[in-house]
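The values are calculated or read from the model by the stated rules, or taken from the named source; none is laboratory data. What you see is a predicted model; the values in this text were computed from it and never measured. We place every Cβ from the backbone using ideal geometry, glycine too, and count neighbours over all the protein chains shown.
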């Protein structure tokens, strides 16, 4: 099962999470801009989270800070977010679309984390199906473990790549199996993988804000966000003059 006993992650070296976030913000500027659909006024983002037992502290943290996604996207046309999560015994649920932080926070507050195995392949398959029928600009995946066959993630992640939907895979902690899987997901989908430190809420806040800017305004908007919020990204912009 994917509860606390099975998900004992390797400790992240002190400061490594912050460096990874800065590197992510720098690299993410090179993600191709999403194809904009004139009929879709807002950026559309699928926000998928591991809601198994070991994620409870970070779930509460994300519930408090996710409103910054909407703030980051507001000046770029706004953001619509659909929450997906997996937990317990084969439980996978998806919310309705939320168009503001208060609404999404309310949806997240109703979810209790339960012990269970990861369902990342299922999450990717759902995202690919969603993107096949209606426009989806990006997917965020937040988790700390991977307990499935590695080949199971290929079809969903690859299809998202073909559909132009990058997956931004944000990994809490240093579990090797999760690292391998999240890297593969990012590569196949054309997205990015980044490790963050759950003890630093600002890291997750910056990551979510960057992807919200991307979903709402594309790679240039993410670059602008990175210049303001990402240390390494700001230095990169300064060097380019």
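Counting the residues of the range 88-111 that are touching a strand residue (DSSP E or B) at 6+ places or on another chain (Cβ under 8 Å) and part of a strand (DSSP E or B) gives 7. Each residue in the range 126-166 was checked for being in contact with a strand residue (DSSP E or B) (Cβ under 7 Å, 6 or more places away or on another chain), assigned to a helix (DSSP H, G or I) and more than 27 Å from residue 60 (Cβ to Cβ), and 2 pass. In the range 38-56, of all residues being part of a helix (DSSP H, G or I) and under 17 Å from the mean Cα position of the chain (by Cα), the one that is modelled with the lowest pLDDT corresponds to 56. Taken as a whole, the structure places residue 123 among residues that are in a helix (DSSP H, G or I), under 25 Å from residue 67 (Cβ atoms) and modelled with pLDDT of 95 or more.
Select from the range 70-101 the residues that are more than 19 Å from the chain's Cα centre (by Cα) and either modelled with pLDDT of 90 or more or under 25 Å from residue 54 (Cα atoms) (or both) and list them in ascending order. Scanning the range 70-101 gives 88, 89, 90, 91.
Just so you know, in the range 55-80 the residues that are in contact (Cβ under 8 Å) with a residue 40 or more places away in the chain and under 14 Å from residue 106 (Cα atoms) include one that is surrounded by the most Cβ atoms within 10 Å (Cβ to Cβ), and it is 66. Scanning the range 188-207 for residues that are closer than 22 Å to residue 128 by Cβ and either within 14 Å of the chain's Cα centre (by Cα) or surrounded by 24 or more Cβ atoms within 10 Å (Cβ to Cβ) (or both) gives 189, 190, 191, 192, 193, 194.
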